[in-house]
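Notes for the one structure printed next.
Read-outs throughout are calculated quantities, based only on the coordinates presented, and are distinct from any laboratory measurement. All figures in this text were calculated on a predicted structure; none of them were measured in a lab. Neighbour counts are summed over all protein chains in view; Cβ atoms, including those assigned to glycine, are modelled from backbone coordinates with ideal geometry.
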Amino acid sequence: MVARGGHLRYYRCRFIEGLESVQTLGQLDMLRTAVAQLTQDGSRLALVPTMGALHEGHIALVREAARHADHVAVSIFVNPTQFGPNEDLNAYPRQMAADSAMLEAEGVALLWAPSVQVMYPQGFASSIAVEGVSAGFCGAARPGHFDGVATVVCKLFHQVLPHVALFGEKDWQQLAVIRAMARDLDLTRPHMTDIVGMPTVRESDGLAMSSRNRYLSAEQRMAAVALPNGMQNAIAQIEAGTSPARALGNLREALKAAGFDRVDYAALADADTLEPLDELETRPARLLVAARIGGTRLIDNMPVNNPAK
């Protein structure tokens, strides 16, 4: 955890105002003590869950969180249960010292950075599955991924007990899964009043900010801009009356021509239910894409508007 202006010591978890730093043993108890101190006067607490390797997209979430609450908590946990057997768990970037410094500069009150042993102690045998919104897209391409997401976020909500939590819209399906889980399991009250989605923060050329962008070579990074550009072109075509099937086919071809190795999916979907749409309807829609370039899988999504509305 981070103390504004205080000296940081590198333990698994750091605490604020008057609380001593502790190592793994007893971390959760100390977290609850810190949360109680922050909220004992009725102050609101916002949570920004992350896997670390922070960038300006995360900082935008932190700054927005400060507008929703008196204090901001950030969690950093690279969650093994949301990675598949052949995915990048071991290679996922970890930079705790740099992340801590960034959060301290933003005035974050509390950083919860548990170890895997704290989050999943010996004998842990529970999992949360959210049917429906988790079924397609990344759920189909990464079996078990959203079960891991739902489980860890549920645990974070119970551990930190925030009044509000903020998530980026870059992973639109993840946000839908979390909202459905919180609704179904009654997690939003009394501990939380809202789950806020923040618009995707983008680089100057339009590429969505992501911790995985650092995997890209210079050549791949230049080619990656074809993803947001191609999506914008596809949306313009759909909004102008081109069938989604044709516009999405053009998008796939453009990505492959730009150097992408594979398109996992490119789909028009209902923004709320994620039901695939064969044509643009009056309800809000979203274009969702996942594509691989080299060893890096990039995801993105953008709203699609019906001009007839």
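Here the gap between ARG94 and ALA140, fully extended at 0.36 nm per residue and compared with their Cα-Cα distance, gives a gain of 13.9 nm. In this entry, segment 143-212 is assigned a mean projected area of 5.4 nm², taken as a quarter of its C-alpha convex hull surface.
About its Cα centre, the chain has a charge dipole of approximately 440 debye under the convention of +1 per Lys or Arg Cβ and -1 per Asp or Glu Cβ, with nothing else charged.
Length gained on full extension, GLU56 to HIS158, computed as 0.36 nm times the residue gap minus the Cα-Cα distance: 34.0 nm.
Shape call for segment 27-198 from the C-alpha gyration tensor, a ≥ b ≥ c root eigenvalues: rounded (a/c under 1.5), prolate (a/b greater than b/c) or oblate? Here segment 27-198 falls in the rounded category.
Summary of the geometry: segment 211-236 and segment 147-210, compared by the centres of their Cα atoms, lie 24 Å apart. Every pair of different Cα atoms in segment 86-145 enters the Kirkwood calculation, which places the hydrodynamic radius at 15.2 Å. Neighbours of ASP278 by Cβ distance under 14 Å: Lys/Arg scored +1, Asp/Glu scored -1, total -2.
Put a dot 7 Å past the Cα of ASN305, heading toward its Cβ, do the same for GLU239, and the two dots end up 0.5 nm apart.
Between the beta carbons of LEU185 and ASP264, assuming R0 = 41 Å, the FRET efficiency works out to 0.90 to the nearest 0.05. Based on Cα atoms of the chain, Rg over Rh with Rh as the Kirkwood radius reads 0.98. On the basis of the beta-carbon distance and an R0 of 41 Å, ARG67 and VAL225 show a calculated FRET efficiency of 0.85. What the Cβ-Cβ distance of GLU275 and ARG32 gives, at R0 = 45 Å and to the nearest 0.05, is a FRET efficiency of 0.65. Rounded to the nearest 10 degrees, the inclination of helix 244-258 to the longest alpha-carbon principal axis of the chain is 80 degrees. With the cut-off at under 17 Å, measuring from each backbone N in segment 269-294 to a point 7 Å along the Cα-to-Cβ line of ARG246 picks out 278-281. Considering only VAL289, VAL48, VAL225, give the residue with the highest GNM mean-square fluctuation for the chain, with springs between Cα atoms whenever their separation is below 10 Å. Checking each option, the largest mean-square fluctuation is seen for VAL225.
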